[in-house]
Amino acid sequence: MPVVKFIKEKKEIEVPVGANLRKEAIMAGVNTHQGLNGFGASINKIINCHGWGQCGTCRVKIVKGMENASPMGLVERWRFRVPIPTPVTPGGLDPIPTLAFIGNEDTMRLSCQVTVQGDMEVETGPELDLFGENFFS
């Protein structure tokens, strides 16, 4: 069985091949809905799209084992590129996943859309770097 290691939580879990990353994380007590640099994690844990790939709050950075994740689908690609109005964030726009994606295009995923095919290391709630070299490009 594949092993998924959550870096920030210092937790490793065994999951069956083909398991959904978000569901397995929740069962292990890992909150994938971290919010903006940790702010809003408690409310996002309750108010989210529940795995439909619409809110983007379950974004994760796959540090190791990206080849063991399912390919990115249409819903996920669209979500990372188009900030849409959602009830999750104040003001109605949800730019968080889109902005966090900049500079992490090869490793950023929505945990609700990932099926685990092998071992991987995952960083939940990757921080948004507003002053990074790729932000304004």
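The values are calculated or read from the model by the stated rules, or taken from the named source; none is laboratory data. Please read these numbers as outputs of a predicted model, since none were measured by experiment. We place every Cβ from the backbone using ideal geometry, glycine too, and count neighbours over all the protein chains shown. Side chains are part of the model used for accessible areas, which takes the heavy atoms of the whole protein and leaves out ligands, DNA and RNA. Shrake-Rupley method; radii C 1.70, N 1.55, O 1.52, S 1.80 Å.
In the condition set (1) out of contact with any Asp or Glu (no Cβ under 9 Å at 6 or more places or on another chain); (2) part of a strand (DSSP E or B), Lys23 is compliant with all but (2). Screening Val60 on (1) β-branched (Val, Ile, Thr); (2) surrounded by fewer than 16 Cβ atoms within 10 Å (Cβ to Cβ); (3) under 21 Å from Gly103 (Cβ atoms) shows it passes everything except condition (2).
Of the residues making up the stretch 8-32, those that are within 16 Å of the chain's Cα centre (by Cα), under 17 Å from Gly118 (Cβ atoms) and either open to solvent by 60 Å² or more (accessible area, probe 1.4 Å) or of a type outside the set (S, T, N, Q) (or both) are Ala19, Leu21, Glu24, Ala25.
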